[in-house]
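Taking it in order: structure first as structure tokens, then the write-up.
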Amino acid sequence: MNTPDAAVAFACLTAGGLYGLLGSMAFLRRQSLRGDVLAHGAWPGVLLAFALTGQRSPAILGLGALVSALGMNYLISFLERQFPRLKGDAAPALLLSGSFAVASVIWSLMQMHTEGLGQAGLKSFLLGQAASVQWQDTWSLILVFALATLSVLFFWRDLPGVLFDRDQAIIQGRPVKMIEWLLELLLAIAVVTGLTIVGVVVLSALFVAIPLAVRPFTHRFGPFLLASTLLGTMIGMATPWIVISLESGFGNSGRGIPTGPIFVLAASLLAFTSLLVAHFFARKSPKELPTP
Amino acid sequence: MNEPRQKEAKKTKSVVRLEDVTVAYGDRPALWDIDLDIPAGSLTAVVGPNGAGKTTLMKTMLGLLKPATGRVEILGLPVRDARGKVAFVPQRGAVDWDFPATVADIALMGTHAGLPWWKPLGVNEKGRAKLALDQVGLTSLSHRPLNQLSGGQQQRAFLARALAQNAPLLVLDEPFQGIDALTEKTMLALFQDLKAEGRSLIVVHHDLHTVRDLFDHCVLLNVRVVASGPTKTTLTDQNLRSTYGPRLGLDVARTSESPQSVQLRDS
């Protein structure tokens, strides 16, 4: 049986852990949609960086992606501040489809001018193609994961307070702005670093599916974060194996199956199962404990 | 020589001081030209109809909303410098109760105020949280997850968090919503104890009967400050009429003198 490349395997499991960790906090802040905006917002940046420089180096494309993702992230806050009418998910929804529309136009224009040059490579950003991952991508993912873990440990005591009740944390004089800014920056960097594995289209489902799968089984912040990270790692570990066995199962050696959808399907299946199990257990045991 | 010091002393005697404060949401003013001086060590009730700007007033005092004009001083300090010295009990709808934490975790969050972020919670903090849970009667539920609490228990968890903060000023936005009469009585007694310790409390409250009996200071608010001062001279029929409007005001005023308490609840 075929085995996945070591670089690919490590990249996938690190990405899974990273999305589990950061996704769980975005989930608690009810900002899962922000991850979607970051991912979709990165897409025009990737294309523009390629169009302007003509190079496909991960550093240049990554920089383009990061700048445009952070730009979209800032635009959400800006729009919500300027137009209070844009409530809830209105501004993120507008920006995520808006940036995808912009990217599609750029994509078509590029196709007219460059005759398919290098587009095969760029296409892997859309749905993720782990097979194109190289060791340097893997190392950057490991670095980002280490940074995220350190930041979480750094602000460990204040994190739950800021995520649970932002106003209260401000009143208590906690470093709320700094923590929120750090979480958003980490999320943007994580999204951009993982683009080649999961792709811009389906990435944000991970931010919801992984924390959703563990939420029914833990009632504390620490275990919730840890379980979400571990589950993400496990899904990431399984993904390249699933992709390879599917490919060989269908007699396709040409690396045809995108990694992103497999990643998301595995996570969503687990989340669905976990909700079912939780529901089943909730039926069996009385939900309300006796009040003393 | 002596004058500035006297001025200083006078300043610190008031726990909250607002001068010409106006707060607006868009074009609509929520608070108009507020002048307020709440003495230290008082138990103050903030009273007014729906949409009078009571929550806005709380948020402005706490520095969560920036006034369009005017000055706010808390404990003799600008709002920013008073952070960590004020404890706040919000309405319980303000947060998502599906957060993965227990009652004890919430009480512990109160002790974070004023603690450097790198310092781990010590015996002192845990002791304060424990005492606070005991004061609101939640000790037996301290390990219960938040999403399994009733409304009244959530409200008490918030109260415990504020008590654990050990702040000289407590601000409470409708702390008795969803709380049964007996617990409300215990809480009111607790407020008296806190006041006896020299702390100041500002409470948005609707029950004019208890305001009359237990609060020594009150603020009648309807976008403007209608009246503010010692309860005896402030909570008059005429002031209530100007706060709630002529017809409703009369009802409130009449019933509030009868032994039955009047409840005017928000939403």
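Beyond 25 Å in Cα-Cα separation lie the following of the pairs B:K85/B:K126; A:K87/B:K54; B:K59/B:K130; B:K13/B:K126; B:K130/B:K195: B:K59/B:K130; B:K13/B:K126. 3J(HN,Hα) along the range A:40-55: 5, x, 6, 4, x, x, 4, 5, 5, 4, 5, 5, 6, 9, x, 10 Hz, from the Karplus curve 6.51 cos²θ - 1.76 cosθ + 1.60 with θ = phi - 60°, whole Hz, x for Gly and Pro.
Of the beta bridges DSSP finds with both residues in chain B, what % are antiparallel, to the nearest 5? Around 55 percent of the beta bridges assigned by DSSP in chain B are antiparallel ones.
Relative to the compact-globule estimate of 2.2 N^0.38 Å, the Cα radius of gyration of the protein assembly as shown comes out at 1.15. The overall shape of chain B is oblate: from the C-alpha gyration tensor, with semi-axes ordered a ≥ b ≥ c, the ratio a/c is 1.5 or greater and a/b is no larger than b/c. Rounded to 0.05, the FRET efficiency of the A:Q111 and B:D180 pair, given R0 = 41 Å and the Cβ-Cβ distance, is 0.05. Our coupling estimate for the range A:66-75, obtained by passing each phi through the Karplus curve with A = 6.51, B = -1.76, C = 1.60 and θ = phi - 60°, is 5, 4, 6, 5, 5, x, 5, 4, 5, 4 Hz, Gly and Pro reported as x. For B:A40, the residues 5 or more places off, or on other chains, whose built amide H falls under 5 Å of its own are B:S14, B:V15. In a fully extended conformation the segment linking A:S97 and A:R56 would gain 12.3 nm over its present Cα-Cα distance, using 0.36 nm per residue.
In sequence order, the range B:59-70 has phi-based couplings of 5, 5, 4, 8, x, 7, 10, 9, x, 5, 9, x Hz under the Karplus curve 6.51 cos²θ - 1.76 cosθ + 1.60, θ = phi - 60°, and Gly or Pro positions carry x. In the full protein context, the range B:88-166 carries 37 Å² of accessible surface per residue, based on a 1.4 Å probe and ignoring ligands, DNA and RNA. Spin-label model, B:D20 to A:Y74: label points 7 Å out along the Cα-to-beta-carbon direction sit 3.6 nm apart.
Under a 5 Å amide H cut-off, with hydrogens placed 1.01 Å from N, A:V201 pairs with nothing among residues at least 5 apart or on other chains. Helix A:135-154 and the longest principal axis of the Cα set of chain A meet at an angle near 20°.
Of the residues making up the range B:90-106, those losing 40 Å² or more of accessible area when the isolated chain is joined by the remaining protein chains, with a 1.4 Å probe, are B:V95, B:D96, B:F99, B:P100. For the segment A:24-31, counting C-beta atoms of other chains within 10 Å of every residue's C-beta and taking the mean gives 1.
Computed with a 1.4 angstrom probe on protein heavy atoms, the B-A interface buries about 3000 square angstrom of accessible area in total. Qualifying trypsin sites (Lys or Arg not before Pro) in the range A:61-140, where qualification requires a DSSP coil assignment and no more than 16 other C-beta atoms within 10 Å, comprise A:R85, A:K87. Take each residue of peptide A:152-161, count the partner chain Cβ atoms within 10 Å of its Cβ, and average: the result is 4.
Report, to the nearest whole %, how much of the accessible area of the protein assembly as shown belongs to carbon and sulfur atoms, 1.4 Å probe, protein only. So the carbon and sulfur contribution to the accessible surface is 62 percent.
The values are calculated or read from the model by the stated rules, or taken from the named source; none is laboratory data. No experiment lies behind these values; they were computed from the predicted model shown. Quick reminder, even Gly has a Cβ in these numbers, built from the backbone with ideal geometry, and neighbours come from all protein chains shown. With ligands, DNA and RNA removed, areas are computed over all heavy atoms of the protein, side chains included. Shrake-Rupley method; radii C 1.70, N 1.55, O 1.52, S 1.80 Å.
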